[in-house]
Each structure stands twice: as C-alpha cells, then as structure tokens.
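Structure, as structure tokens:
The values are calculated or read from the model by the stated rules, or taken from the named source; none is laboratory data. For clarity, every value in this text was computed on a predicted model and none was experimentally measured. Note that we place each Cβ from the backbone using ideal geometry, even for glycine, and neighbour counts take in every protein chain shown.
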Amino acid sequence: MKKETFVIGVDYGTDSVRSIIVNTTTGEEIATAVHHYARWKKGLYCNAAESVFRQHPLDYVEGLTETITNCLKQVGKLVAENIVAIGVDTTGSTPVAVDATGTPLALKEAFAENPNAMFVLWKDHTSVREAAEINQHATKFETNYLQYVGGIYSSEWFWAKLLHIIRNDDAVKQACVSWVEHCDWIPFMLTGGNNIKELKRSVCAAGHKGLWSEQFNGYPPNDFFTSLDPLLDGYVLTLGDTTYSSDKSAGTLSKEWASKLGLNENVVVAVGAFDAHMGAVGGQIEPYHLSKVMGTSTCDILVAPTADLEDKTVKGICGQVTGSVIPGMLGLEAGQSAFGDTYAWFKNMILSPIKEMIEHSDAIKHDEAEQLIKELSDQLITHLSNKAALLPLNEDDELALDWFNGRRTPDANQYLTGSIHQLNLGSTAPSIFKALVEATCFGAKRIVDRFISEGVPVNGLIGLGGVAKRSPYIMQVMADVMNMPIRIHKSEQTCALGAAMFAATAAGVYAKVEEAMKYMGQGFEGAYYPNESRKAYYEKRYSQYIVAGNFTENHAPNNK
C-alpha cells in the first residue's frame, strides 16, 4: 500500500499569512492556521493618504513560523514525518532591498525601523513618477522591452519601486546589493540561502513585474537601466539570467528551519510565485477561462496554449509569461488595484466615527462596547449587501468609478482616483454601496472586454477568494454585468492549495502540476448565472461608467 504523503501550502496575503497541510492523494486540507501581521495591524510604516505601504520582514518570518508550527500541532507526529514539501505564494510585486547574503536590510539593526529597508507592498504607489519615466524611456529603444507586460509599466512593479527607494534613501542605496521579490525570498530563507547570487528567481515574478522575457534572453541590458538613471547601474547583473517555474525545487529545508518548524531536513521547498497565479492552479483553471482571485484587489489569470498566441501580445495587461501559471502554457495576468479594499474603505468610513462615539460613551460598558463594535464591523457589509439587493434598478442611480487605488488594468494608471457621481439628498449608504459594487464589476468587465478585443477569447469565469466565497450579492452583480456565469471554487484557500499542488510536484509526487490539480483539486460548489431581465440595465450603466471614466481620465490633474 502506497504511503500517504503530505505537503504544506503557505499563502502570504496583504493582511495575514495562512498555512495549510494537504493530503497529496486526496487534496484534503487537514490543518490550517492564520497569522495576522502584528506590525501591519497597528498601521506601522504605512501612510494610506500618500500610498505608502511597507511591511516588515519580521511580520513574514513570525507568521511563517507560527502558522506552520500551529498546523503541525493539529496533526501530530505521524503526519509531520510524512510531509515532503512546502510551497509558497505571496503578494506581488512586493520587493525588498537585500545585502550580499540576501538578507533584507530591515533585519539589520541599522535599518530595523526604516520603511525604505522593508518590503514595498504591491499596493504602494509612491513610485508613480518612476513608472512614468520608465514608460517614456522605453520608447527610445528599438526593442520594445514593455511588449510582454502590456506596453505600460506600473508603479506597483519591481523596477519603479527600486528606483524610487534608492533615489530617496541614500543609506539604503549604499547598503542595497540586490532587489528581491517576497515570493523569491521566502524559499531562499527556508533553504538557508546566504549568497544572493544563488537565489532562484521565479519566472512568475521576473516575467510579470521585472521585464524578464525568454524573447530577450533575460532582462533588458544594463545600459537600458543606466541610461534611465545611473543609480540603477549593476542591479540587473545581480538578478541572473535564469528563472524557474514553481514545479521546480528551490532546495530543501535548512537545518535551522527544519529544527525551528519541527520538520525533516529533506523537505523540498518549491520555487515561489505570486498568490493569484498559484490560486489559479488551486482553483483548477482551464484554458481561456478567466480565474478571478477576489480579495483586497483582484488578480485575473488566463492560461492558453503557447502556440495559440505565439505572435500576439495583449495591450494594457500585467504581462504574458510562459510558465508563470502552468509550466509550458502561456499565463496572462490582469486585475484591479482595489476590489475588496473599495468595500473596506466604505465600511471604515461609516464605522470610524461610530466606533469612536461608542468607545467614549457613558451609556455602555467597555466590554459591551467592544462586542458591539465587533458585531457592527462583522455584519455591516452583509447588511449593506442585503439592502442594496432590494433597491430598484434605475439608469440615473448613483454611479462610481473603482479607481480608489489607481487603475491596474486595462492600461495601468496610478494617477487615477475613484469617484462617485449622481449623488443627491436621497442618496443612502445602501445606494452608494450598490454603486461601488457595480463599479468594481464594471472594472472587471473592462478587463474581459480588453482580452476579447485583443483576440483572446474568455469562455468562462472562475471565482476564487474571500469575496467570491462570502458575498453572493457581489457575485450576482458580477454575473449580471459580465452576462456570463461565474463558477465558485469549493476551496476556501485556493492560493495556499495551489502552493501545495506545486509543492507536491516539486517533490516528485506528481510529474506535472496538471496531475496535482486533478487529484488534489476540490471542484466547484456552485455558480451564479446572469439574470436576463437586468441585461439592458447593466449595458446602459456600463456605458455610463465608460463615459465617466473617460471624462475623469482626460481631466485628472496629475495624469501623464
């Protein structure tokens, strides 16, 4: 009888990290644990008004240790002894400055409280100027180095963030030897890496955010970067020319980490990747079906046979990279910079003054106040959704633009901002929430329309993530706006499950990740179907959204 084996999938999100232990034969998730980043939860090193979002590497290290050891306590020694691999996904582009040993500078005493020495989270938009410079600079070269990232470089990405940091912090610039994505650093750390030249960089991160392409035989040359700004001299030379898909091993657990976690040193650590790319695998993506990982933002993933799009590049998306999702297939990425974040902003705006008043009220005890605040926070979005679902649908309803954290795709532009139109004295919280939900769904439709207009069919939608699982009103509006069904995957943790599938493949349990998807996949729990009676309404409203968006884009004060 074949011995049962298990793998660990680790999913680093914006607010927390989650680890799961998965049976490689059945895909059953037998343990799970979540850690909310302590420093991030306190709002340290961030300034939302200035789009500054930094995360301390200790949050990542502590979360990794706590969640894995917690999971192991749940399953016992027998399972722990039969864990064969760990897979890791992270947000991205979330890079950090490192020294020659590959150590993030914020882990060194001199930089421990310096936000510029920490991971620059994907949603940090402080490098909008640098991204605009890269876009202008790229036009000067015969080779179009932006052609495989949709033709527009974003402030959310690798090189713009590096340039911004070293321009604005001389101490970090002097100490920075290389620039490393979060998804590449965690496997490097787990395997005991101590030489930046030996770090294995993922094709996912390098291709979608770092301008690496097999068509260029690597990254753009050093003179592309030095002619942009001499401060960039030499950084590309620290990255190497080889990248790896996540079915490959980054090494095995170091003695230190094996001891710390309570695992064997022969546990394989897979090459990392971004959360949505592994989430698409965990959600059992199919060719030409758009996998939508819906959380704080959305990341939309589509895979296609490489031969189908051999000479085609899709404008305005976040890249097309062979092997970034499924090895041997082309992975195309798009997404929205704010999805769940839009709803969270509205919720917090409503709750913030109420919370303060309750906390200072003499009419309620402290424990009761805390319980009431928690209850309001937990239930507000559901309450607004239920009320919004009952509202009549009128063409002159409140209308919103979903660019509350800029626009990721189509056509990245982080200078853009969100807005709400057609407000009046009769506007209510549910009617404004309805407008915000419609706006995020209209933004999703623009992505589908761009794929189709560029000759890439979208034959179906797959919904993944917290919003997809827990927000039926939002999902129904999505189906209505898209005018196509959206299937919802069973797994609560598709990103972590995808990481586990890659771990199983890297360890040799399965020869291909497609096999891991087949045997470890959990299938779909249901679907939302478009309501034909609402088709005309949403078509009209979508047209209004386009008009409002064009007006805003043409009149944005900082638009470049």
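The sole residue among 314, 325 that is among the hydrophobic types (A, V, I, L, M, F, W, C), modelled with pLDDT of 95 or more and part of a loop (DSSP other than H, G, I, E, B) is 325. Filter region 224-260 down to the residues that are in a strand (DSSP E or B) and of a type in the set (S, T, N, Q), then identify the one that is farthest from residue 509 (Cα to Cα). Of everything passing the filter in region 224-260, 252 is farthest from residue 509 (Cα to Cα). Counting only residues that are closer than 24 Å to residue 94 by Cβ, surrounded by fewer than 21 Cβ atoms within 10 Å (Cβ to Cβ) and either under 18 Å from the mean Cα position of the chain (by Cα) or not aliphatic (A, V, I, L, M) (or both), region 19-34 holds 2 of them.
Within region 254-266, residues that are free of Cβ contacts under 8 Å to residues at least 12 places away in the same chain have Cβ atoms under 6 Å from residues that are among the acidic types (Asp, Glu) and outside any helix (DSSP H, G or I) in these pairs: 258/265, counting only partners at least 6 apart in sequence or on another chain. Residues satisfying the criterion are absent from region 350-360 (criterion: assigned to a loop (DSSP other than H, G, I, E, B), in contact (Cβ under 8 Å) with a residue 12 or more places away in the chain, more than 24 Å from the chain's Cα centre (by Cα) and surrounded by 13 or more Cβ atoms within 10 Å (Cβ to Cβ)).
What strands (runs of 3 or more DSSP E) completely inside region 28-110 contain at least 1 residues that are in the same structural domain as residue 249 (by TED's automatic domain parsing), out of contact with any Ser or Thr (no Cβ under 8 Å at 6 or more places or on another chain) and in contact (Cβ under 8 Å) with a residue 60 or more places away in the chain? Walk me through it before giving the result.
Working: elements: 29-36, 52-55, 83-90, 95-98.
Ranges flagged: 52-55, 83-90, 95-98.
For region 124-148, a residue qualifies if it is assigned to a loop (DSSP other than H, G, I, E, B) and within 30 Å of residue 55 (Cβ to Cβ), and the qualifying residues are 124, 125, 126, 127, 145, 146.
Within region 412-525, which helices (runs of 4 or more DSSP H) (wholly inside it) include 1 or more residues that are under 20 Å from residue 18 (Cβ atoms) and either more than 19 Å from the chain's Cα centre (by Cα) or not β-branched (Val, Ile, Thr) (or both)?
On the way: elements: 429-453, 466-470, 472-482, 494-506, 513-520.
It comes to 466-470, 494-506, 513-520.
Condition test on residue 24, is it in contact with a Lys or Arg (Cβ under 7 Å, 6 or more places away or on another chain), under 23 Å from residue 520 (Cα atoms) and at pLDDT 95 or above? For residue 24, the condition - in contact with a Lys or Arg (Cβ under 7 Å, 6 or more places away or on another chain), under 23 Å from residue 520 (Cα atoms) and at pLDDT 95 or above - is not met. For region 35-63, the tally of residues that are crowded, with 17+ Cβ neighbours inside 10 Å and of a type in the set (Gly, Ala, Ser) stands at 2.
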